[in-house]
Amino acid sequence: MSAQDTLWILPGTYIQGNDTMPALRSEGQPTWSGYNAVVDRPENASSSVVVVNTDSVAHTWWTNAPDANTVDLPAGTSTSVMLPSLPQGSYQYFLNDERGKVLGAGGLLRIGWDTETLFYWNLREWQPSMMTLSAAGESIDWSLPYVPRHFTINERAYPSTGDDPNAYVAVNLNDTCFISISNFGHMNHVLHFHGFHVDIISATHHPERVGWNKDTVPIRKGESLTVRLVAFQEGMYPVHNHNLIAVTNAGFYPGGMITTIHVMP
């Protein structure tokens with residue numbers, strides 16, 4: 001298991017289709033890659049992570065873990081952030097201010113996974129005009145219609161999700177794997193699995209769903225959950241958002257939040 005000890009808040013440029021957008025990422029290295037880092041920690045043990053804010057403005061840090069506190073990240077400084085002791089599951093960390101949320105800085109906080117076969121899907125949607133305003137220091141009018149142009153898993157839109165070994169679930173027949181899913185966007189999403197039902201084994205917002213066995217899984221904005229998939233049959237099976245607009249790229253189908261389960265003999 002990889003333990004990420006330092007995160008860099010980096011401004012950069014994000015390109016999807018014909019759109020070039022200002023963006024922020026929480027990276028695992030001091031140079032821009034365009035992808036948010038995963039932070040892995042053992043279960044039931046407090047720890048810390050150093051966050052280096054290279055942005056020109058201050059931010060605030062938060063997680064969706066129970067009883068989490070916000071932490072101020074002054075511009076151009078390094079801050080040690082305490083991570084709470086948590087049970088096994090999937091959580092998210094993110095910049096809890098408008099600029100940080102709109103520009104997309106935040107990633108998965110994965111607790112208690114060691115030898116298991118792991119994948120993760122960070123769900124986001126992107127509205128270029130909103131991102132341009134936020135990058136310029138303008139406030140967002142949330143009363144206006146929210147119509148994103150791009151929908152991604154791990155900052156990638158289909159078919160590029162097939163190039164991501166964390167999003168493309170490739171396992172052998174009869175393997176068991178675990179998928180951490182977290183919704184970082186500004187709207188709710190629903191994922192539909194072809195070929196399989198999955199067991200929900202952790203959920204930040206709806207603990208009553210733990211133990212459910214479903215082929216369609218709703219995930220509200222700000223929510224994180226973990227599912228278990230038993231690969232009992234061979235083949236290739238799509239997983240996709242059940243909202244039609246979320247499986248498009250700037251309105252063109254197919255695209256957006258689509259990935260694949262590939263079970264090999």
Between Rg and the Kirkwood Rh of the chain, both from Cα atoms, what is the Rg to Rh ratio?
0.95
222 nm mean residue ellipticity, helices alone, for the chain (DSSP H n ≥ 4; -39,500 (n - 2.57); rounded to 500)
-1500 deg cm²/dmol
Label point at residue 176 placed 7 Å out along Cα→Cβ; residues across region 214-229 whose backbone nitrogen lies under 16 Å
214, 226-229
Once Lys and Arg are counted +1 and Asp and Glu -1 for all other residues with Cβ under 12 Å from that of residue 176, the total becomes -2
Counting alpha carbon pairs within less than 8 Å and at least 6 residues apart, what relative contact order, in whole percent, applies to region 190-265?
31 percent
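Laboratory data are not the source of any read-out in this text; all were calculated from the coordinates shown. All of these numbers come straight from a predicted model, not from anything done at the bench. Glycine gets a Cβ as well: all are built from the backbone with ideal geometry, and neighbour counts include every protein chain shown.
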